[in-house]
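These notes are about the structure you will find just below.
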Amino acid sequence: MTNSRRSFLVQSAAIAATPLVANSVFAQAPARKLGVAICGLGSLSTNQIAPALLKTQNCRLAGIVTGTPSKAEAWQKKYGLTAKQTYTYDNMHLMAKDKNIDIVYVVTPNALHLPHAAAAAAAGKHVFCEKPLEINSERAQQLADACSKAGVTLGVGYRLQFEPNNQECVRLAREKVLGDVKVIDANFGFAMADPNQWRLKRDLAGGGALLDVGVYCLQTARMLTGEDPIWISAAETKTDLVKFKEVDETIAWTMKFPSGVISNCVSTYAANGLAGFRAATTRGWFGLDPAYFYGGNRGKRSDGTEINMPAPDQFATELDEFAESIMQKKPTKVSAEMGISDVKYLMAIYESIRKGRPVTFA
Ligand code: NAD
């Protein structure tokens, strides 16, 4: 991860990092914590997921999957893992024999989610997969099919589905606290510094800022309305044709929802400063800025009320909910269906750009 990307997400987290409030997914500690193997030891795994695992109530780090021996050694030392708990991308099938691993958390580049999730599922492990689920609808469906065929649960890493400030805004919208939501503006981006990383390569990323950060704006609009878009129109602009030769740099798109809500969104790899949303309502407005950081998300309402709730570690919370869904055999909030349908709407945004006209859904 580039420094700019890291710092924009982490800066507020550092300020707001409240000592982790034990999250209340479970009233009591479960009989057994589920073992999680992290697949892909990059930036997110190193800086967010592994530390978060130490704060979970229902999970523990039980394995790693990496192609880099030096990382394997460093993680073994740091987290007290053995060589037996260490896998490569090519021998994930051996996990089938490891009863201590229940869940594989897939944290590799977007287009590797399918092979890594399929390998984990074939080994009988539940799959928690980072966003976006995959790089197109066919692959997202294949990933979900691999999990259902193996009889394992699939969840998607939508951390904001558990973030109290984002969820407070969902409450404001659903309970019409400031009237009906009519228009939603949601924007997310950062200035991509590293010109060599996988996020700029189409075969690994599938797309650019839209798939990486635009998915959060799509999630905001779907969360606040509780609806699926019925009409999408999009336009793209590129100011650096070399860096963004293979993927999108900046996309602006509009979505219309069945209730008549309109949502305007921007995703960009060209600029910092966009990481929030505002919902305009019949009697005022509410919104968060920032809305999408790892911590420190906060905002305001038009009646003067601050939105600034203490927030536990988002990765610990999402993992605890996923583990709980497995242990209690109930659906996870961040379901395969949610991941698949988001990819469908992201693809519709690209389709609208390609065709130069809106895309509609029945
Ligand atoms: P990263 O580049 O820091 O890490 C990627 C990892 O995949 C590295 O360990 C790398 O060695 C490994 N890898 C395996 N095969 C590879 C290949 N062929 N090419 C490149 N790397 C390969 O990326 P990241 O920022 O950790 O992102 C990983 C995933 O997590 C992505 O799907 C991304 O969208 C997602 N993500 C989610 C959030 C969030 O807030 N939920 C934040 C950042 C990233």
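Working only within region 343-362, note down all residues that are part of a helix (DSSP H, G or I), touching a strand residue (DSSP E or B) at 6+ places or on another chain (Cβ under 8 Å) and not hydroxyl-bearing (Ser, Thr, Tyr).
Hits for region 343-362 are Ala348, Ile349, Glu351, Ile353.
What pairs can you find where one residue is in region 84-113 and in the same structural domain as Thr153 (by TED's automatic domain parsing), the other is among the polar types (S, T, N, Q), and their Cβ atoms are less than 6 Å apart, with a gap of 6+ or different chains?
Within 6 Å, the pairs are Val107/Ser45.
Counting only residues that are within 30 Å of Leu154 (Cα to Cα) and not in a loop (DSSP other than H, G, I, E, B), how many does region 267-324 have?
The qualifying residues number 17.
Checking the structure you have, find out if any residue of region 186-194 is modelled with pLDDT of 95 or more, assigned to a loop (DSSP other than H, G, I, E, B) and away from the ligand (no atom under 14 Å from the Cβ).
Yes, region 186-194 contains a residue that is modelled with pLDDT of 95 or more, assigned to a loop (DSSP other than H, G, I, E, B) and away from the ligand (no atom under 14 Å from the Cβ).
Counting only residues that are surrounded by fewer than 22 Cβ atoms within 10 Å (Cβ to Cβ) and under 20 Å from Gln197 (Cβ atoms), which one in region 77-109 is farthest from the chain's Cα centre (by Cα)?
Looking at residues that are surrounded by fewer than 22 Cβ atoms within 10 Å (Cβ to Cβ) and under 20 Å from Gln197 (Cβ atoms), I get Tyr89.
If I go through region 29-47 residue by residue, how many of them are more than 9 Å from the ligand (Cβ to nearest atom), free of Cβ contacts under 8 Å to residues at least 60 places away in the same chain and not charged (D, E, K, R)?
Total meeting the criteria: 2.
Select from region 330-362 the residues that are at pLDDT below 95 and more than 26 Å from Ile251 (Cα to Cα) and list them in ascending order.
Those that are at pLDDT below 95 and more than 26 Å from Ile251 (Cα to Cα): none in region 330-362.
Hey, can you tell me all the residues within region 77-104 that are among the hydroxyl-bearing types (Ser, Thr, Tyr) and either closer than 24 Å to Ile326 by Cα or away from the ligand (no atom under 16 Å from the Cβ) (or both)?
Hits for region 77-104 are Thr82, Thr86, Tyr87.
If a residue has to be within 11 Å of the ligand (Cβ to nearest atom), of a type in the set (S, T, N, Q), crowded, with 16+ Cβ neighbours inside 10 Å and over 20 Å from the mean Cα position of the chain (by Cα) to count, how many in region 48-76 make the cut?
Result for region 48-76: 1.
The values are calculated or read from the model by the stated rules, or taken from the named source; none is laboratory data. Everything quoted here is computed from the prediction, not taken from an experiment. Glycine also receives a Cβ, built like all others from the backbone with ideal geometry; neighbour counts cover every protein chain displayed.
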